[in-house]
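Notes for the one structure printed next.
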Amino acid sequence: MSQYFDPAEALARPELAKLQAARLKTTVERCLAAPFYKKALAQAKIGPGDIHTVDDIRRLPFTTKDDLRANYPYGFLALPKEKFVRLHASSGTTGTPTAVFYTKNDLDAWADLMARSMFAVGVRPSDVLQNMSGYGLFTGGLGIHYGSERLGCLTIPAGAGNTKRQIKLIRDFGVTVVHIIPSYALYFATKLAAEGIKATDMPWRIALIGAEPHTEEVRRRIEELLHLKAYNSFGLSEMNGPGVAFECEYQNGMHLWEDAYVAEIIDPNTLEPVAEGEIGELVMTTLTREGMPLIRYRTRDLTRFLPGDCPCGRTSRRIDRIAGRADDMIIIKGVNIYPMQIEQVLMSMPEVGQNYVIELFTDGVMDNLRVKVEIKDEYFEEDMRALTGLQKRVSARLRDEILITPKVELIQHGSIPKAEGKAQRVVDLRGAE
Ligand code: AMP
Ligand code: ZN
């Protein structure tokens, strides 16, 4: 096969463990040069000499987003500033962003991981790839871009938005692969239909979708509406960006690139590993990054390790699609609710269109949920009675899933404005209405 199936992807587990242990030791060594870790490792009384197996990772301290913020901008650099050539930042909307720095080698290693990820879902050098995510500080722009070039694809840096122009580029240049955020992919489908273009007439065959939580129902919709195969792509700026875990052609969870990262799943309360196969917080350690190594970074993302081997032959562990972020949890009337539970219900109903928003509001003295959901035109034009019936059905299906009865508002297709970039699924209006 090609160089983009790295032998590390199919190592026997004991071999992989050896490789990881050696790289972990190097990582801890490198960390000693970073002001934050120098202190943190001294406090934990642990150093590279204590790392013998990869399980020794559990003796190392965690790193949190707050640590990154508190040591902003340069407190995590393990090399002199002159060695760095690139900076990205996380998409967090509040407070100080978290900045990530890359040396030339780091960029090179990241491009390789990205090329491997794309190769795993069938992208080949003969493909034409259009990258529809925003360029700039967001890693989905340049990260995908350099990976695509590394693999050898003709790469179109279309950027975000301007759907009409995106469609024209795809048709004019015979684009076969697109990188697109799932919420934008759904919006794209409605635009395509509005332009009278059949998805079956589009030249594409693969979409790489990621950067935001989405359900299996959304993936299926994207595949049907756009008439292509959509593959889940996971990453976060703190771990370079995209290319941390990626589906293969079997679409049965995302392979972690374990030669470059160690993944743990912990109980966020006890900080101990969860039982095999249980959902918990994903914790990630870089193994190959030289400029800004991170140890046991608490991602806040919730997922689980998937059991069993993958027919593709890769031995790396797979994680389930991200169930949500620990910070996304909504507590209403004492019940814990994740936005993805709501999405799953909505997107499994054929009458429901491609967008929705969840509003938190104060109902008298109680907090409550309002789900505004777009309805497909053919159902919206029906009579009042049919619409009321549909509203009741949406509400009942949601109650079965989330155990409380939210207010449901059916709205016309296209009435929720589509933000550029990641979708804002939850709006908190408590105290504002
Ligand atoms: P950023 O570093 O700003 O690009 O944001 C990274 C975060 O986006 C991750 O920590 C996840 O919460 C989310 N994310 C990225 N990829 C996915 C994915 N495939 N599925 C669900 N969430 C994702
Ligand atoms: Zn596989």
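The numbers here are math on the coordinates, done by the rules we state, and not lab data. Please read these numbers as outputs of a predicted model, since none were measured by experiment. Cβ coordinates were reconstructed from backbone atoms using ideal geometry, including for glycine residues, and neighbour counts include every protein chain displayed.
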Take the Cβ-Cβ distance between Lys392 and Asn162 as r, set R0 to 41 Å, and report the resulting FRET efficiency rounded to the nearest 0.05. 0.55
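In percent, what relative contact order does segment 52-205 have, based on Cα pairs under 8 Å that are 6 or more apart in sequence?
18
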Report the gain in length on full extension from Arg205 to Asp400: 0.36 nm times residue separation, minus Cα-Cα distance, nm rounded to one decimal. 66.6 nm
With axes computed from alpha carbons, what is the tilt in degrees of helix 182-194 against the longest principal axis of the chain, rounded to the nearest 10 within 0 to 90? 40
Given unit charges at Cβ for Lys, Arg (+) and Asp, Glu (-), the dipole magnitude of segment 330-428 about its Cα centre in debye, nearest 20, is 280
Value of relative contact order over segment 330-428, rounded to a whole percent, pairs C-alpha under 8 Å and six or more apart: 34
Residues in segment 128-157 near a label at Arg86, defined as backbone nitrogen under 12 Å from the 7 Å Cα→Cβ point? 136-150
Angle in degrees between helix 384-402 and the longest Cα principal axis of the chain, rounded to the nearest 10: 30
Given backbone amide H placed at 1.01 Å from N, residues whose amide H is under 5 Å from that of Val426, ignoring those fewer than 5 places away on the same chain, are Ile358
Sorted on mean Cβ neighbours within 10 Å (highest first), peptides 314-325, 264-275, 232-243, 30-41 come out as 232-243, 314-325, 30-41, 264-275
Label Leu19 and Ala33 with points 7 Å out from Cα along Cα→Cβ: what is the distance between them in nm? 2.4
So which of Lys372/Lys422; Lys333/Lys392; Lys104/Lys168; Lys164/Lys407; Lys25/Lys81; Lys45/Lys104 end up more than 25 Å apart, counting from Cα to Cα? Lys104/Lys168; Lys164/Lys407; Lys45/Lys104
Using alpha carbons only: equivalent-ellipsoid semi-axes of segment 330-428, gyration tensor based, whole Å: 21, 17, 12
Report the relative contact order of segment 147-242, percent, no decimals, based on alpha-carbon pairs under 8 angstrom and at least 6 residues apart. 25
On a 0 to 90° scale, report how tilted helix 163-172 is relative to the longest principal axis of the chain, with both axes built from alpha carbons and the result rounded to the nearest 10. 70
Restricting to bridges with both residues inside the chain, how much of the DSSP beta-bridge set is antiparallel, in percent to the nearest 5? 60
Within the set Asp301, Asp67, Asp400, GNM on the chain using Cα springs under 10 Å gives the largest fluctuation to Asp400
Please sort 408-418, 128-138 by packing, taking for each peptide the average over its residues of neighbouring beta carbons within 10 angstrom, highest first. 128-138, 408-418
If you take the charge dipole of segment 330-428 about its Cα centre, with +1 on Lys and Arg Cβ and -1 on Asp and Glu Cβ, which of Leu403, Ala419, Ile342 is farthest toward its positive end? Leu403
What does the highest-first list of 223-231, 111-119 look like by mean Cβ count within 10 Å? 111-119, 223-231
